[in-house]
Amino acid sequence: MSDGSPPHDRVWEVFRQEAEGDPMIHSGNVRAPDEELAMHYAREFYGRRQESNRLWVVARDAITELDDPDLLKPPFDRSFKRPGGYLIKHKLEAAKARAGTPAASEAHE
Amino acid sequence: MSDNAAELSAPTRDALAQLLLGIADDEFVIGFWDSEWTGIAPMLEEDVATSSISQDEIGHARALYEMLSELTGQEADEIAFGRAPDAYRHAALMNHARTDWAFTIARRYLYETADAVRLEALARSSYEPLAQLTTKMRREERYHLMHLDAWLRRLAADADASSRLASALRTLWSDALAIFSPVPGEEVLVRGGELPEPMDSLRARWLDQVSPVLADLGLPGPTPDDLAASAEDGRTRRTDDFRWLHGEFTMVAAAERGATW
């Protein structure tokens, strides 16, 4: 390998869940020759202080990456694709009134 | 069933103290030997793993010294750091210097597998605090065993590493058997169930488990000479290597006796 690491060393990305139901959050990575040792090292680096409920250990080269700016950051205005451009609040209140349930604004009073 | 030290008869208490001291010293000394890999293990990740496992062992020793303290009235720190080298009771396996990585893996493998058999038995101890503590320790030791097993198989698959492993095992077998040396007063403990089985039967179970695994990997088991060697002084003979380590790990405590931080 060009970076001088041993030939069978691979990088493994580690995702950590703090409590059951929490999202898996990327925590960092470890180097290891194979999955088994990667799991051991992930456990030491991201779980030895009882801070993790679950770990995902994924070989970096198994990850499909998409970073093409033409696909992710196309040049035309995309603001109309954001949900923020469409206000649903008043329609929702009207719908609730028709259905006989109090509108959200009243319920909070 | 005894819930605390005050309920034990004097002979039981003395024998139990001997048993605990041996186990605590095993964990304490192997923890210090292997912590010497901090900074120089084969890779950064392994460096962290080995150091963390060594800390676990010292943590187990601490819990055992504290339990011992309930029996003897002596402070746990004083037991850990206040004795002369000849008063330590670890098995002869822990008399050897760190040496190379294959040697460390060979020693740890022998130790962790023997410790697993011992802890499995002690989890059934009639001395309730010991049964509870060993049940907790087993949960951590399970990971240690997995880690060791992973390394043993990897080194065994490499010609050079495998021959280093084999030579370390040949050196260590007789001293590893000392883990199951008879404890002074053992028959009292077996009768009371504090030690649910005699050391001899634990030793036989350990050999039954470990020998086929090593044979499958082309690694040596104990020779008839190793098996026949007297285990009487297995926990009392000490070496210069250990005396050196003792000087290292007592250095801070010896600098100012009784200091707290």
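Rule-based calculations on the coordinates, nothing more; no lab input. On a predicted model such as this, the values are computed, not experimentally measured, just so you know. Heads up, the Cβs are rebuilt from the backbone with ideal geometry, glycines too, and the neighbour counts pull from every protein chain shown.
Kindly check whether there is at least one residue in region B:85-92 that is outside any loop (DSSP other than H, G, I, E, B), within 13 Å of chain A (Cβ to nearest Cβ) and either surrounded by 16 or more Cβ atoms within 10 Å (Cβ to Cβ) or not hydroxyl-bearing (Ser, Thr, Tyr) (or both). The answer is no; no qualifying residue exists. When we screen B:Ser51, B:Ser69, B:Ser9, B:Ser35 for residues that are within 14 Å of chain A (Cβ to nearest Cβ) and surrounded by fewer than 23 Cβ atoms within 10 Å (Cβ to Cβ), the only hit is B:Ser51. Do we find that B:Ala15 is surrounded by fewer than 17 Cβ atoms within 10 Å (Cβ to Cβ), out of contact with any Ser or Thr (no Cβ under 9 Å at 6 or more places or on another chain) and closer than 21 Å to B:Pro184 by Cα in this structure? Here the answer is no, as B:Ala15 does not meet what is asked.
For region B:95-154, what are the residues that are within 14 Å of chain A (Cβ to nearest Cβ) and aliphatic (A, V, I, L, M)? Hits for region B:95-154 are B:Ile105, B:Leu145, B:Met146, B:Leu148, B:Ala150, B:Leu152. Candidates in region B:155-167 are the residues that are touching a helix residue (DSSP H, G or I) at 6+ places or on another chain (Cβ under 7 Å) and within 14 Å of chain A (Cβ to nearest Cβ); of these, the one that is farthest from B:Thr99 (Cα to Cα) is B:Leu155.
Residues that are among the aliphatic types (A, V, I, L, M) and farther than 30 Å from B:Asp3 by Cβ, at least 1 per element: which helices (runs of 4 or more DSSP H) completely within region B:162-261 meet that?
On the way: elements: B:186-192, B:199-216, B:224-228, B:240-249, B:251-255.
In region B:162-261, the matching helices (runs of 4 or more DSSP H) lie at B:199-216, B:224-228, B:240-249, B:251-255.
Which ones in region B:32-46 are in contact (Cβ under 8 Å) with a residue 40 or more places away in the chain and either over 18 Å from B:Glu248 (Cβ atoms) or assigned to a loop (DSSP other than H, G, I, E, B) (or both)? Within region B:32-46, B:Glu36, B:Trp37, B:Ala41, B:Pro42 meet the criteria. Among the residues examined, B:Ala121 does not qualify as surrounded by fewer than 22 Cβ atoms within 10 Å (Cβ to Cβ) and in a loop (DSSP other than H, G, I, E, B). Residues in region A:30-45 that are more than 8 Å from chain B (Cβ to nearest Cβ) and either surrounded by 19 or more Cβ atoms within 10 Å (Cβ to Cβ) or part of a helix (DSSP H, G or I) (or both): A:Glu35, A:Ala38, A:Met39, A:Ala42.
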